[in-house]
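Asker: This is the structure I have questions about; it appears just below.
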Amino acid sequence: MTAELRPPYPDTPGILTFLGAPEGDVEHLQEGMVAVAGVSYDLSTTGRIGARFAPRAYRETSQYYASALAQDEMVEIITGDRMRRANRIRILDLGDLTVYPLDWPRTEAALREAMARIAGRGALPVILGGDQLVSAPLVQGFAAAVRERTGRGIGYVQFSSQLDLGEVDPVWGNVWRGTTARRILDSGAVDARNMAWIGTNGYLRLEDWEFAQKNDLAVFTLDAVRHHGIVEVVERAVETAGAGCAAIWVTVDVDVVDGGYVAMQSVPRFDGLTNTELLHAMDVLRRTKAGALALVGLTPTVSMVSVAGQRFGVWLVIRFLASSALASP
Amino acid sequence: MYTRDLLPSFAGVNTFARAPVGTIESLAPGAVAIAGIAHDGTSSSRQGVRQGPRGIREASVDFVYDLYASSRKALVHVGTGRILRPPGDPQLIDLGDLPIAPMDLARTREGCQRAAAAIVRQGAFPVMLGGDHYVTYPFARGVGEAVGGHLGLIQLSTQLDLADRDSVWGRDWHGATIRRLIESSGVEPRNVVFLGTHGYVTYPEWEFAQSRGMTMITADAVRAAGARATVQRALAVANAGCDGVYVSLDVDVVDSGYASGTGDVLVGGLTPAEVLALMRELSTSRSIVALDAVEVAPGLDQRGRSERLAAEAIIELVAPRVFAG
């Protein structure tokens, strides 16, 4: 583990850890720290591949903010948040978690175990995916650790255009991103009453929609967001997901945002949340039991000349952490 | 034993929405017939729309993968409740691309016109994949000829395409499409509706449209009225006294920030969601007899959004005809 914070660098050189945070291993995590970990896996996506490059892309573009944070305090104009990289180490970059690209059962077990160890040390995980499927074992590992520490369960909030409640696809079988939420549900890691979806829009497979309705799942569609506003919707989703729970896992699939804002999606999306709505969602979440954040689905290879998607993702993390790890003393 | 099974969206032969390949002669009444025109010789803008038909087909396959993979063989639109189901046989047929002669515009024009007329005479609904917007001229002429003469037109485009003679491009180019159409066929100016027009157009075109009683519903007006009221107004104008309405979608009606894969870079246009909502509303009208999606240049959109938008827009418009199960 690097003993000290990195000195202020210009935007480009140096080892590209997330926000210039020190590198470390799970054993170095302490209660209350933020653990950043990439999951470079994208083989379950049915659309365009490339999410395997997202962890690297997030880290690289985060230097833009790292450089500023290392030297000065930053102020978020809209929220008034004042942020500074803490003098003592609060964020640790664990690098990328181990995956075995052609062996999903082994990958799944490894991710589950890794997350259980991270959360078991009382750290707040920030996951840089990878395609959405990786959320399933990670949520299971997180749930196990939280139950071990608190005796209570977790909630799950998914920002995505899709519900991911599929079971088996005729081509992809059961190892595909569209099964993620169903796997979480079926594993018992999260009770159906503590799951919520935000921003669902466009066309879904009919069976996913019917399953959600039949089981009375809390789905807040894009229309609901437009009608009630993102703040109210997130508050209601968190109320559902957090009821009786010790913590909430939040997965943000970048396809929840209109592709006009973030085009780096495995499948082009023509409607969705605005980028600022999702940023406001982070402002709400950080005041709640949200105890883990995963960004999934970013496909940097869709646009090699733009960094808009990864820059946006890093900003989401910063907004999420603004009242804790990055708060000015 | 080997059996053909569902392929991933990136594999296989890319016909539109995995439709079977067919010929004009084999079209049954009520079928929707896809026909590409890979022509871009009359575009004054950035080149690349000759790849439009190929790009739209590929993107359409990706979109319909979920439809065929669904255990219920159905997709539901979360916002509107619309259900899509796989086409029955022979509702959707891909005719491939029509013959063109890149260096002989007159021959290209005649071939496209004859093909459009032949498709409509079979009782089918043609969907043409362009190509630059000029090909709408011969194709719509053929459609008009086959439906009996009087055709209304709804064009979604940034521009009016009413130029008379351009000092560089002459009379036959994509900026003169509608002018040529109303001069030479049964499309009356009073039945022409421009949807989503915005930004600067040449003053003579603007003046011509107004003096001939054409209807312009600008992008701002579309937003103010909403898709349903806009389409009701457009159809009332385009269909008055006509034997059918032709819909032409120039993908440049969408703001370039959302879809850059077209010849011109244009800002201030409609959003993709607005265009899809318009197509969904248009789809409920049985007076529409043909559709085209033109000016799609996949090579100019690294993100693959423009051809995908064109594919989804087509599917929305033909959904009640072929994707209703």
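The values are calculated or read from the model by the stated rules, or taken from the named source; none is laboratory data. Because the structure is a prediction, the values reported are computed rather than measured. In this analysis, Cβ positions are derived from the backbone assuming ideal geometry, glycine residues included, and neighbour counts consider all displayed protein chains.
Asker: What number of residues within segment A:174-210 satisfy the criterion of being within 14 Å of chain B (Cβ to nearest Cβ), without any contact (Cβ under 8 Å) to a residue 12 or more places away in the chain and more than 30 Å from residue B:277 (Cβ to Cβ)?
Answerer: Applying the first criterion (within 14 Å of chain B (Cβ to nearest Cβ)) to segment A:174-210 yields A:174-179, A:182, A:197-210.
Retained after the next criterion (residues that are without any contact (Cβ under 8 Å) to a residue 12 or more places away in the chain): A:174, A:203, A:206, A:210.
Of the ones still in play, those that are also more than 30 Å from residue B:277 (Cβ to Cβ) are A:174.
Looking only at that region, the number is 1.
Asker: Within segment A:24-71, which residues are modelled with pLDDT of 90 or more, small (Gly, Ala, Ser) and farther than 25 Å from residue A:101 by Cα?
Answerer: A:32, A:62
Here's the yes/no breakdown for (1) among the polar types (S, T, N, Q); (2) touching a Ser or Thr at 6+ places or on another chain (Cβ under 8 Å); (3) at negative phi:
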| residue | (1), (2), (3) |
| --- | --- |
| B:102 | no, yes, yes |
| B:108 | yes, no, yes |
| B:114 | no, no, yes |
| B:129 | no, no, yes |
| B:137 | no, yes, yes |
| B:154 | no, yes, yes |
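Asker: Please find, among A:112, A:48, A:117, the residue that is assigned to a loop (DSSP other than H, G, I, E, B), at negative phi and not β-branched (Val, Ile, Thr). Spell out the reasoning first.
Answerer: Values: A:112 fails: assigned to a loop (DSSP other than H, G, I, E, B); A:117 fails: assigned to a loop (DSSP other than H, G, I, E, B).
The match here is A:48.
Asker: Which condition does residue A:144 not pass, out of (1) at pLDDT 95 or above; (2) at the interface with chain B (Cβ under 9 Å from one of its Cβ atoms), if it passes all the others?
Answerer: (2)
Asker: Okay, next question. Check residue A:213 against each of (1) in contact (Cβ under 8 Å) with a residue 40 or more places away in the chain; (2) over 20 Å from the mean Cα position of the chain (by Cα); (3) within 13 Å of another protein chain (Cβ to nearest Cβ) and name the one condition it does not meet.
Answerer: All conditions pass for residue A:213, except number (1).
Asker: Any idea how many residues of segment A:222-248 are within 14 Å of chain B (Cβ to nearest Cβ) and either surrounded by fewer than 22 Cβ atoms within 10 Å (Cβ to Cβ) or within 21 Å of residue A:138 (Cβ to Cβ) (or both)?
Answerer: Start the filter on segment A:222-248 by keeping residues that are within 14 Å of chain B (Cβ to nearest Cβ), which leaves A:222-227.
Going one step further and asking which of them are either surrounded by fewer than 22 Cβ atoms within 10 Å (Cβ to Cβ) or within 21 Å of residue A:138 (Cβ to Cβ) (or both), we end up with A:223-224, A:226-227.
Final tally of qualifying residues: 4.
Asker: Considering every residue within segment B:125-148, establish whether at least one is surrounded by fewer than 17 Cβ atoms within 10 Å (Cβ to Cβ) and closer than 23 Å to residue B:214 by Cβ. Quick ask: steps written out before the conclusion?
Answerer: Initially, segment B:125-148 is screened for residues surrounded by fewer than 17 Cβ atoms within 10 Å (Cβ to Cβ), giving B:148.
Restricting the remaining residues to those that are closer than 23 Å to residue B:214 by Cβ gives B:148.
Yes: one or more hits.
Asker: Given B:45, B:9, B:60, which one is more than 22 Å from the chain's Cα centre (by Cα), under 22 Å from residue B:310 (Cβ atoms) and not aromatic (Phe, Trp, Tyr)? Before the answer, list the steps.
Answerer: Values: B:45 fails: more than 22 Å from the chain's Cα centre (by Cα); B:60 fails: more than 22 Å from the chain's Cα centre (by Cα).
Result: B:9 is the single residue among B:45, B:9, B:60 that is more than 22 Å from the chain's Cα centre (by Cα), under 22 Å from residue B:310 (Cβ atoms) and not aromatic (Phe, Trp, Tyr).
Asker: Would a scan of segment A:304-313 turn up a residue that is at the interface with chain B (Cβ under 10 Å from one of its Cβ atoms) and either in contact (Cβ under 8 Å) with a residue 24 or more places away in the chain or buried (at least 22 other Cβ atoms within 10 Å of the Cβ) (or both)? Quick ask: steps written out before the conclusion?
Answerer: Kept after step one, since they are at the interface with chain B (Cβ under 10 Å from one of its Cβ atoms), are these residues of segment A:304-313: A:304-306.
Still in the list and also either in contact (Cβ under 8 Å) with a residue 24 or more places away in the chain or buried (at least 22 other Cβ atoms within 10 Å of the Cβ) (or both): A:306.
Yes, the conditions are met somewhere in segment A:304-313.
Asker: Take segment A:264-299 and flag every residue that is away from chain B (no Cβ under 14 Å), surrounded by fewer than 22 Cβ atoms within 10 Å (Cβ to Cβ) and in a loop (DSSP other than H, G, I, E, B).
Answerer: A:286, A:287, A:288, A:289
Asker: Then there is this: Would you mind stating whether residue A:136 is farther than 16 Å from residue A:296 by Cβ, within 16 Å of the chain's Cα centre (by Cα), aliphatic (A, V, I, L, M) and buried (at least 24 other Cβ atoms within 10 Å of the Cβ)? Show your work before the answer.
Answerer: Working: farther than 16 Å from residue A:296 by Cβ: no; within 16 Å of the chain's Cα centre (by Cα): yes; aliphatic (A, V, I, L, M): yes; buried (at least 24 other Cβ atoms within 10 Å of the Cβ): yes.
Answer is no for this residue.
Asker: Let me ask something else. Would you please name the residue that is surrounded by the fewest Cβ atoms within 10 Å (Cβ to Cβ), looking only at residues in segment A:249-263 that are within 14 Å of chain B (Cβ to nearest Cβ) and touching a Ser or Thr at 6+ places or on another chain (Cβ under 6 Å)?
Answerer: Let us first name the residues in segment A:249-263 that are within 14 Å of chain B (Cβ to nearest Cβ), namely A:254-263.
From the residues that got through so far, the ones that are touching a Ser or Thr at 6+ places or on another chain (Cβ under 6 Å) too are A:255-256, A:263.
Values: A:255: 28, A:256: 28, A:263: 25.
Ranking the candidates gives A:263 first.
Asker: Enumerate the pairs (first residue in segment B:273-296 and outside any loop (DSSP other than H, G, I, E, B); second residue anywhere and of a type in the set (D, E, K, R) and at pLDDT below 95) with beta-carbon separation below 8 Å, excluding pairs fewer than 6 apart on the same chain, so at least 6 apart or on different chains.
Answerer: Once the first residue is outside any loop (DSSP other than H, G, I, E, B) and sits in segment B:273-296, its partners that are of a type in the set (D, E, K, R) and at pLDDT below 95 give B:289/B:243.
Asker: Right, next: Would you mention how many residues in segment B:250-271 are buried (at least 24 other Cβ atoms within 10 Å of the Cβ) and more than 14 Å from chain A (Cβ to nearest Cβ)?
Answerer: 3
Asker: Where in segment B:1-98 are the strands (runs of 3 or more DSSP E), entirely inside, with at least 1 residues that are closer than 14 Å to residue B:127 by Cβ? Explain how you work it out, then say what you get.
Answerer: Working: elements: B:32-37, B:75-77, B:92-97.
Here the list reads B:32-37, B:92-97.
Asker: What are the pairs with Cβ atoms under 8 angstrom where one residue, in segment B:1-16, is farther than 14 Å from residue A:170 by Cα and within 14 Å of another protein chain (Cβ to nearest Cβ) and the other, located anywhere, is charged (D, E, K, R) and not in a loop (DSSP other than H, G, I, E, B)? Sequence gap at least six, or different chains.
Answerer: B:10/B:62; B:12/B:18
Asker: Condition first: more than 17 Å from residue B:135 (Cβ to Cβ), more than 14 Å from chain A (Cβ to nearest Cβ) and surrounded by 21 or more Cβ atoms within 10 Å (Cβ to Cβ). Now tell me which residues in segment B:25-67 satisfy that.
Answerer: B:27, B:31, B:32
Asker: May I ask you to list the residues in segment B:69-80 that are more than 7 Å from chain A (Cβ to nearest Cβ) and over 24 Å from the mean Cα position of the chain (by Cα)? Before the answer, list the steps.
Answerer: Taking segment B:69-80 first, the residues more than 7 Å from chain A (Cβ to nearest Cβ) are B:73, B:80.
Passing the criteria: only B:73.
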